[in-house]
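All remarks here apply to the structure that follows.
The values are calculated or read from the model by the stated rules, or taken from the named source; none is laboratory data. Computed from a predicted structure; not experimentally measured. Cβ placement follows ideal geometry from the backbone for every residue including glycine, while neighbour counts extend to all protein chains displayed.
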């Protein structure tokens, strides 16, 4: 790895931490120059503009997410154990950063601001939803989950539980957040498991 | 209502919409002066400072939330119908505003920024969680839900489903978000209903 590449990665690591705490809008050439003690002109030479710096930060964080969460989960046995490995990986990932998953922050930050940043965070979040659904589907094929279970619905609820974890842990400072998240996944997986009964239709 | 009070409410309505789209940090005396065509000095006279303007905006939005979501739900029959009325009310509430629930945005915006704004949004979010748990508990008392159901766990998962709705509808533009949210609540309520089996313990 060249000296320039090393510097670039160190800067993007710092940018990822900053985005985790104050949002991606807080990642600018100016603030990053202060945080890394590099010159603004040096950072401009590396990244060109604030917008491209923010996009590079998301791509860098996505690569770290692949290394920390996806690769270890996909290396393990498929089906239910892999779903659980994804969940555990995500909890670890959220705790890796000072302000938790930066894609949670960036998602809310840019959801009403059309542009390349919004497109990138939406792409990354959609990709993660699809991965959850695909891993769940491998559990149907493996006979762990019911044939009639719906992988996209599972991914929708799973995303919600991870967002609720972030909300309870980060905003509400709830010490039970981790326990409640695991318990919610236990219930969700138990309901999907082969041999379990499908949910009773609405009797209200 | 005095002319001054009328003006104040109109300004806070605009501030609520702005906070919903660009976040509470985007609500400043300056931006609001532009949006309402009022003078900065007039707004200072009403609100004093950016911080107190942002706090007033949250209190105003909380009052609207009570009117739009809580009061109608609490006026209806208790137990499961009231849980459902809360969910439907929240979906309506999220759609009332141009950028969805401003407390979702403010929660992520301030979760790493200690101060009065963070305290206020955390207080409002905690209060809503407690309301969900209390309404669910009334469903245990009414015999709709199992005796061993856990109201705080229900509130944790319910919050996640609402956050997932916001995420899928606002960021991912997913047209199935509303349908998936209702279906997830149907499943969650079916699993909690009196006469249903408690979740099978982990067989993995």
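Residues in region B:71-84 that are part of a helix (DSSP H, G or I) and more than 22 Å from residue B:168 (Cβ to Cβ): B:71, B:72, B:73, B:74, B:75, B:80, B:81, B:82.
Does residue B:11 satisfy the criteria of being without any contact (Cβ under 8 Å) to a residue 60 or more places away in the chain, within 30 Å of residue B:193 (Cβ to Cβ), more than 14 Å from chain A (Cβ to nearest Cβ) and crowded, with 18+ Cβ neighbours inside 10 Å? Working first, answer last.
On the way: without any contact (Cβ under 8 Å) to a residue 60 or more places away in the chain: yes; within 30 Å of residue B:193 (Cβ to Cβ): no; more than 14 Å from chain A (Cβ to nearest Cβ): yes; crowded, with 18+ Cβ neighbours inside 10 Å: yes.
Taking the combined requirement at face value, the residue does not satisfy it.
Of all the criteria given as (1) at pLDDT below 95; (2) in contact with a helix residue (DSSP H, G or I) (Cβ under 8 Å, 6 or more places away or on another chain); (3) surrounded by fewer than 17 Cβ atoms within 10 Å (Cβ to Cβ), the one not satisfied by residue B:95 is (2). Among the residues of region A:167-176, which ones are more than 8 Å from chain B (Cβ to nearest Cβ) and crowded, with 17+ Cβ neighbours inside 10 Å? Of everything in region A:167-176, those that are more than 8 Å from chain B (Cβ to nearest Cβ) and crowded, with 17+ Cβ neighbours inside 10 Å turn out to be A:169, A:174.
Would you call residue B:102 touching a residue at least 40 places away in the same chain (Cβ under 8 Å) and out of contact with any strand residue (DSSP E or B) (no Cβ under 7 Å at 6 or more places or on another chain)? Yes, satisfied. Go through region B:116-143 and report how many residues are buried (at least 24 other Cβ atoms within 10 Å of the Cβ) and within 11 Å of chain A (Cβ to nearest Cβ). Final tally of qualifying residues: 2.
All of (1) exposed (fewer than 15 other Cβ atoms within 10 Å of the Cβ); (2) more than 9 Å from chain A (Cβ to nearest Cβ); (3) without any contact (Cβ under 8 Å) to a residue 12 or more places away in the chain hold for residue B:148 with one exception: (3). Does residue A:138 satisfy the condition of being farther than 30 Å from residue B:149 by Cβ and without any contact (Cβ under 8 Å) to a residue 60 or more places away in the chain? Spelling it out, it is not the case that residue A:138 is farther than 30 Å from residue B:149 by Cβ and without any contact (Cβ under 8 Å) to a residue 60 or more places away in the chain.
On the stretch given as region A:178-193, residues that are surrounded by 19 or more Cβ atoms within 10 Å (Cβ to Cβ), more than 7 Å from chain B (Cβ to nearest Cβ) and free of Cβ contacts under 8 Å to residues at least 60 places away in the same chain total 2. Residues in region A:66-86 that are more than 22 Å from residue A:178 (Cα to Cα) and within 14 Å of chain B (Cβ to nearest Cβ): A:76, A:77, A:78, A:79.
If the condition is being within 14 Å of chain B (Cβ to nearest Cβ) and touching a residue at least 60 places away in the same chain (Cβ under 8 Å), then region A:17-65 contributes A:17, A:19, A:20, A:21, A:22, A:23, A:24, A:25, A:58. Here residue A:196 meets each of (1) outside any helix (DSSP H, G or I); (2) exposed (fewer than 15 other Cβ atoms within 10 Å of the Cβ) with one exception, condition (2).
Of note, residue B:154 does not satisfy the criterion of being more than 29 Å from residue B:18 (Cα to Cα) and in contact with a strand residue (DSSP E or B) (Cβ under 8 Å, 6 or more places away or on another chain).
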